[in-house]
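Take a look at the structure below.
The values are calculated or read from the model by the stated rules, or taken from the named source; none is laboratory data. For clarity, every value in this text was computed on a predicted model and none was experimentally measured. Please note: Cβ atoms are built from the backbone with ideal geometry, for glycine as well, and neighbour counts cover all protein chains shown. Protein only, heavy atoms only, side chains kept; ligands, DNA and RNA dropped before computing areas. Shrake-Rupley method; radii C 1.70, N 1.55, O 1.52, S 1.80 Å.
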Amino acid sequence: MSAPAPALFKPSPEDATAVAAHDAVIRRIEAVAERFASDGALEDAAACAQIASFVAWMNHPGRFAS
């Protein structure tokens, strides 16, 4: 049996920093969306969710669902 293939890509410390920053931005937008939802401003909450999804699409936050 052969040894496993080496990883094609090894993340750098800068990558981890960027992913953490992306996650922080998305968590902040989610918090605003939740506040809008609890206040009954459902259209504003939905707009925040849409913004968060776009930001996550363009800048991976290190998770696949929220």
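Could you run through the range 28-57 and say how many residues are loosely packed, with under 14 Cβ neighbours inside 10 Å and under 9 Å from the mean Cα position of the chain (by Cα)? Number of matching residues: 2. Among the conditions (1) outside any loop (DSSP other than H, G, I, E, B); (2) open to solvent by less than 70 Å² (accessible area, probe 1.4 Å); (3) modelled with pLDDT of 95 or more, Val25 misses just one, which is (2).
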